[in-house]
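First up is the structure itself, then whatever we jot down about it.
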Amino acid sequence: MDGMIENSIAARDIRYLVHGSVDLARQRQNPPTMINGGKGIFIFDENGTPYLEAAAGMWCTALGFSEEELIEAATEQMRKLPYYHTLAYKSVTPAAELAEKLAALVPIENAHLYFALSGSEANDAFIKFAWYVNNALGRPEKKKIIARKNGYHGATLGSASLSGISANHKLFDLPIANILHVSDPHYYRNGLPGESEAEFVDRLVGEVEALILAEGPDTVAAFVAEPVTGAGGVVIPPAGYYTKLQAVLDRYDVIFHADEVINGFLRTGKMWGSEAMGIRPTTMSMAKAITSAYMPLSALALPSWFYDAMERGSTEVGVFGHAATYAGHPVSCAVALKMLEIVERRNLKAHVETVGARFKERILAFKDHPLVGDVRVIGLMGAIEFVTDKANKTSFVPTGSFAKRLRDHAEERQKLIVRAVPAGDSCAFSPPLVITIEEVDEMFDRFAKALDEVTAEVG
Ligand code: PLP
């Protein structure tokens, strides 16, 4: 705790608060930066120093950090009805209205919506519901779920099991049974020497089919994926991957669950990552930008045949035995309704298209840098992957160390928050969707300075 005042809020924080995604021992020496304010795409630390937030928090504050209309929507709903539940034959108007609104927006016919509070909880509910449905449909063997290495789906028992990141499994005794993982469709990193994109696609889709056949199609319920992998490094599968994959899944009656927690609500430039990537999802989970993260909320969209099977199961049991105190929380749903209204009224899609073009142009320019191996971009999400040797795609040792160093440097010296992510050694960008063209330039100008400085340091 170098130079830390013993009783500062940061010192008290680490004395009492358990944090995730940190090295807990290192954190004892490096207490957190306390963030006390936000405006537009900037956040402020406790000294009032502004930082340009190029990660939108956790890929989530779509409308930035000071959207008055969302604050008003929450306040108004708090005054009207701060809480009631949606269980035991009761409901609340914002939840009903939001379900109706989302049903019209998702690419799923006659969708029913289940509400929860986090992406993890929505994906966990998906696993439970898929198992319930297959039991209700009289196929109790059909329970296995295939997910991908390097995908991220959450922190709860089921969703962390779906995640394909080893730190989410090790020492936690995860994954749970019935969860299988296949290769990450990151062509730059996982393509074999001399393998074309088309051959890579065939190999990966072939791996999925071989796994389904080896396990027995009657035992495989679902395939789960983020259309564009977010936290795992902004991985955009090559053309043809999803078309071929869905043909295989259809052949064996395996449903596609799209995790839209990061992708959803225009992050990819389209309303849904599924739309951007040409996926026909059976079910979808969404969270984060649904409220611009101002209130916790997630949703799980289910097709009518799936819901009908849930109904059949609940008739057998006597009740649908999955309930949560805060499911359909009126304040969260009121904020989400306002968020969706703003998206339409301000034509955020057109805005993302316009600034997305500049974002793409600026991020692709880093391809020429001697330490940049790969640049990936779609909509307003992108990643830059670093290598020591472009020709051989050699990563820094240990893998990820350069991106972390650059992230820390960018924060300290350029007052720019970027995310260091797996998929080789990458820095990811996912600014608030309301970012302007000038701010896109400022973001990448700051990043370029940090990159030059760190490149000079590593020689
Ligand atoms: N799914 C994806 C794609 C995510 O990126 C995340 C979180 O980053 C989750 C699920 C889990 O969401 P939450 O952290 O709200 O539980």
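Scan the range 400-437 for residues that are within 22 Å of the chain's Cα centre (by Cα) and in a loop (DSSP other than H, G, I, E, B) and the total you get is 12. Just a yes or no: is a residue in the range 162-182 among the hydrophobic types (A, V, I, L, M, F, W, C), under 27 Å from Ile363 (Cβ atoms), within 23 Å of the chain's Cα centre (by Cα) and buried (at least 16 other Cβ atoms within 10 Å of the Cβ)? Within the range 162-182, one or more residues are among the hydrophobic types (A, V, I, L, M, F, W, C), under 27 Å from Ile363 (Cβ atoms), within 23 Å of the chain's Cα centre (by Cα) and buried (at least 16 other Cβ atoms within 10 Å of the Cβ).
Which of the residues that make up the range 212-228 are acidic (Asp, Glu) and crowded, with 24+ Cβ neighbours inside 10 Å? Before the answer, list the steps.
Step one: filter the range 212-228 for residues acidic (Asp, Glu), giving 215, 218, 226.
Scanning the range 212-228 gives a single hit, Glu226.
Yes/no matrix, rows are residues, columns are (1) within 16 Å of the ligand (Cβ to nearest atom); (2) touching a Leu at 6+ places or on another chain (Cβ under 9 Å):
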{"residue": "Gly40", "(1), (2)": "no, no"}
{"residue": "Leu52", "(1), (2)": "no, yes"}
{"residue": "Gly57", "(1), (2)": "yes, no"}
{"residue": "Arg79", "(1), (2)": "no, no"}
{"residue": "Ala99", "(1), (2)": "no, yes"}
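Determine whether Glu97 is touching a residue at least 40 places away in the same chain (Cβ under 8 Å), in the same structural domain as Ile212 (by the TED database) and surrounded by fewer than 16 Cβ atoms within 10 Å (Cβ to Cβ). Against the criterion (touching a residue at least 40 places away in the same chain (Cβ under 8 Å), in the same structural domain as Ile212 (by the TED database) and surrounded by fewer than 16 Cβ atoms within 10 Å (Cβ to Cβ)), Glu97 qualifies.
The residue list Asn150, Asn123 contains one member that is under 15 Å from the mean Cα position of the chain (by Cα), at pLDDT 95 or above, within 16 Å of the ligand (Cβ to nearest atom) and within 13 Å of Thr283 (Cα to Cα), which is Asn123.
Here is the figure for the range 258-278: residues that are in contact with a Leu (Cβ under 9 Å, 6 or more places away or on another chain) and either farther than 23 Å from Asn347 by Cα or among the aliphatic types (A, V, I, L, M) (or both) total 3.
Put simply, of His369, His351 the only residue that is under 20 Å from Phe65 (Cβ atoms) and surrounded by fewer than 22 Cβ atoms within 10 Å (Cβ to Cβ) is His351.
Hey, among the residues in the range 358-389 that are part of a loop (DSSP other than H, G, I, E, B) and among the aliphatic types (A, V, I, L, M), which one's nearest to Lys101 (Cα to Cα)? Spell out how you get there, then give the answer.
As a first pass, look at the range 358-389 and keep what is part of a loop (DSSP other than H, G, I, E, B): 369-371, 379-380, 387-388.
Next, from what is left, pick out any that are among the aliphatic types (A, V, I, L, M): 371, 380, 387.
Values: Leu371: 46, Leu380: 24, Val387: 45 Å.
Among those that are part of a loop (DSSP other than H, G, I, E, B) and among the aliphatic types (A, V, I, L, M), it is Leu380.
Residue check: Met4 meets all listed conditions (1) modelled with pLDDT under 95; (2) among the aliphatic types (A, V, I, L, M); (3) closer than 28 Å to Ile435 by Cα but one, namely (3). If I filter the range 345-357 for residues that are in a helix (DSSP H, G or I) and closer than 30 Å to Arg79 by Cα, do I get at least one hit? There is at least one residue in the range 345-357 that is in a helix (DSSP H, G or I) and closer than 30 Å to Arg79 by Cα. Taking the range 141-157 as the range and being crowded, with 24+ Cβ neighbours inside 10 Å and outside any strand (DSSP E or B) as the test, the residues that pass are Asn150, Tyr152, His153, Gly154.
Among the criteria (1) without any contact (Cβ under 8 Å) to a residue 12 or more places away in the chain; (2) under 18 Å from Pro296 (Cβ atoms), the one Ala125 does not fulfil is (1).
Scanning the range 239-248 for any residue that is modelled with pLDDT of 95 or more, exposed (fewer than 14 other Cβ atoms within 10 Å of the Cβ), in the same structural domain as Val133 (by the TED database) and more than 14 Å from Met277 (Cβ to Cβ) turns up at least one such residue.
Yes or no, residue by residue, for (1) hydrophobic (A, V, I, L, M, F, W, C); (2) touching a Gly at 6+ places or on another chain (Cβ under 7 Å):
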site	(1), (2)
Gly356	no, yes
Arg362	no, no
Ile378	yes, yes
Ile384	yes, no
Thr388	no, no
Thr399	no, yes
Arg407	no, no
Ala410	yes, no
Ala420	yes, yes
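The values are calculated or read from the model by the stated rules, or taken from the named source; none is laboratory data. Bear in mind that the values here come from a model prediction, so they are computed numbers and not experimental data. In this analysis, Cβ positions are derived from the backbone assuming ideal geometry, glycine residues included, and neighbour counts consider all displayed protein chains.
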